[in-house]
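**Student:** Handing you a structure now.
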Amino acid sequence: MRVVRTASELAEMLAAARAPGRRVGLVPTMGALHEGHLALIRAARAECDVCVVSIFVNPTQFAPGEDYERYPRREGDDLRAARAAGVDFAFVPPVEEMYPPGAATRVHVGELGEILEGASRPGHFAGVATVVARLFNLVRPDVAYFGRKDAQQVAVVRRMVADLAFPVTIATRPTVRDRDGLALSSRNAYLSPSERRTATALYRALTEARSRSGGDPVRAEAIMREVLTAEPNLQLDYARAVDPDGFGEPRPGGPVLLVVAACVGRTRLIDNMMLEGEP
Ligand code: PAF
């Protein structure tokens with residue numbers, strides 16, 4: 001595995017690795033790699049000829065006062081895990097390489113980027129779309145892999161790819177969970193043991209809504225709120241049943257995605273599950 005830190009070195013390395021018919025897979029990450037990331041890397045490894053992982057804690061997707069400074073940074077461990085998983089190139093740029101002096105452009109993905117997570121975290125999705133667009137231009141992947149835990153992020157990236165005609169296929173993989181159902185997230189590292197127990201309420205809210213709502217989105221929202229507001233140490237942000245593509249009202253008879261966000265202590269957690277069928 002080659003560790004690459006500059007855009008020019010990356011271009012050079014990929015030009016040599018890219019040959020006609022060889023597919024390049026990209027797994028964009030902010031590091032603190034866990035099993036969810038490793039599942040994406042394994043998929044890229046299995047389906048592509050060249051596997052690139054980017055590790056970059058992107059400052060523009062954190063709102064002022066969020067956890068940019070304390071976000072877990074474990075480069076040594078991440079590189080060991082990436083190497084063991086068969087990654088060919090780890091792209092680990094410093095901030096100036098992703099935002100060169102004078103960089104001023106931001107990619108805004110319309111209303112989809114302003115609702116739910118976008119409303120609670122102003123500027124978040126513009127930061128995500130901007131850095132992902134730059135990664136797509138630097139790596140020029142055939143396929144880019146994202147985890148379904150960040151369902152709205154996936155929808156934003158798909159919208160951007162369609163609107164700006166990026167020649168990349170977006171592939172997703174299911175959320176990876178701990179044995180008690182908690183969705184794996186780099187931010188779980190912030191949780192104390194008692195917060196960790198409280199955090200499982202997100203999974204319980206989703207699974208109870210699935211099993212008790214009879215497939216009714218309105219009832220599902222009520223059940224999720226009931227479960228989450230019963231937790232004294234959890235602050236509910238939203239618990240909604242939405243259309244999985246646009247994140248607005250579900251279409252009559254169409255698929256419904258349950259999405260939840262809550263703070264446990266100072267840690268903001270999100271999760272989601274389909275109301276019916278494959279979770
Ligand atoms: O999901 C993440 O880790 C980040 O939002 C991403 C896609 C790597 C962009 O910084």
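The values are calculated or read from the model by the stated rules, or taken from the named source; none is laboratory data. For clarity, every value in this text was computed on a predicted model and none was experimentally measured. Cβ atoms come from the backbone with ideal geometry, glycine included; neighbour counts cover every protein chain shown.
**Student:** Answer with yes or no whether Ser192 is of a type in the set (Ser, Thr, Tyr) and without any contact (Cβ under 8 Å) to a residue 24 or more places away in the chain.
**Tutor:** Details: of a type in the set (Ser, Thr, Tyr): yes; without any contact (Cβ under 8 Å) to a residue 24 or more places away in the chain: no.
Here the answer is no, as Ser192 does not meet what is asked.
**Student:** Looking for something within 25 Å of Ala46 (Cβ to Cβ) and either surrounded by fewer than 17 Cβ atoms within 10 Å (Cβ to Cβ) or within 16 Å of the ligand (Cβ to nearest atom) (or both) - is there at least one such residue anywhere in the stretch 189-210?
**Tutor:** Checked the stretch 189-210: no residue is within 25 Å of Ala46 (Cβ to Cβ) and either surrounded by fewer than 17 Cβ atoms within 10 Å (Cβ to Cβ) or within 16 Å of the ligand (Cβ to nearest atom) (or both).
**Student:** For Ala220, state whether it is within 16 Å of the ligand (Cβ to nearest atom), in a helix (DSSP H, G or I), among the small types (Gly, Ala, Ser) and buried (at least 16 other Cβ atoms within 10 Å of the Cβ).
**Tutor:** no
**Student:** How many of the residues making up the stretch 16-53 are among the small types (Gly, Ala, Ser), modelled with pLDDT of 95 or more and farther than 14 Å from Tyr145 by Cα? Before the answer, list the steps.
**Tutor:** First, the residues of the stretch 16-53 that are among the small types (Gly, Ala, Ser): 16-17, 19, 21, 25, 31-32, 36, 39, 43-44, 46.
Next, from what is left, pick out any that are modelled with pLDDT of 95 or more: 25, 31-32, 36, 39, 43-44, 46.
Add one more test, that the residue is farther than 14 Å from Tyr145 by Cα, and what stays is 31-32.
Of the residues in that region, 2 qualify.
**Student:** Tell me which residues, restricted to the stretch 8-29, are buried (at least 17 other Cβ atoms within 10 Å of the Cβ), among the aliphatic types (A, V, I, L, M) and either out of contact with any Asp or Glu (no Cβ under 6 Å at 6 or more places or on another chain) or at positive phi (or both).
**Tutor:** Correct list: Leu10, Met13, Leu14, Leu26, Val27.
**Student:** Turning to a different aspect of this structure: Checking the structure you have, find out if any residue of the stretch 158-169 is closer than 30 Å to Leu14 by Cβ and either in contact with a Lys or Arg (Cβ under 6 Å, 6 or more places away or on another chain) or among the basic types (Lys, Arg) (or both).
**Tutor:** Checking the stretch 158-169: at least one residue is closer than 30 Å to Leu14 by Cβ and either in contact with a Lys or Arg (Cβ under 6 Å, 6 or more places away or on another chain) or among the basic types (Lys, Arg) (or both).
**Student:** Would you pick out the residues in the stretch 57-86 that are in a loop (DSSP other than H, G, I, E, B), touching a helix residue (DSSP H, G or I) at 6+ places or on another chain (Cβ under 6 Å) and touching a residue at least 12 places away in the same chain (Cβ under 8 Å)?
**Tutor:** Residues of the stretch 57-86 that are in a loop (DSSP other than H, G, I, E, B), as a first pass: 57-58, 62-74, 85-86.
Filter once more, so that each one left must be touching a helix residue (DSSP H, G or I) at 6+ places or on another chain (Cβ under 6 Å): 58, 68, 72, 85-86.
Passing the criteria: Asn58, Pro72, Ala85, Gly86.
**Student:** Can you tell which of Ala144, Ala133, Ala171, Ala129 is away from the ligand (no atom under 11 Å from the Cβ) and among the hydrophobic types (A, V, I, L, M, F, W, C)?
**Tutor:** Numbers: Ala144 fails: away from the ligand (no atom under 11 Å from the Cβ); Ala133 fails: away from the ligand (no atom under 11 Å from the Cβ); Ala129 fails: away from the ligand (no atom under 11 Å from the Cβ).
Within the list Ala144, Ala133, Ala171, Ala129, the selection yields Ala171.
**Student:** Show the residue pairs that are 6+ apart or on different chains and have beta-carbon atoms under 9 Å apart, the first residue being within the stretch 158-186 and touching a residue at least 60 places away in the same chain (Cβ under 8 Å), the second being part of a loop (DSSP other than H, G, I, E, B) and polar (S, T, N, Q).
**Tutor:** Note: pairs meeting the criteria are Ala183/Thr175; Leu184/Thr175.
A quick yes/no check of all residues on (1) closer than 24 Å to Leu191 by Cβ; (2) within 13 Å of the ligand (Cβ to nearest atom); (3) in contact with a Cys (Cβ under 6 Å, 6 or more places away or on another chain):
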position: Thr6; (1), (2), (3): no, no, no
position: Glu12; (1), (2), (3): no, no, no
position: Leu33; (1), (2), (3): yes, yes, no
position: Ala39; (1), (2), (3): yes, no, no
position: Glu47; (1), (2), (3): no, no, no
position: Ala63; (1), (2), (3): yes, no, no
position: Leu79; (1), (2), (3): no, no, no
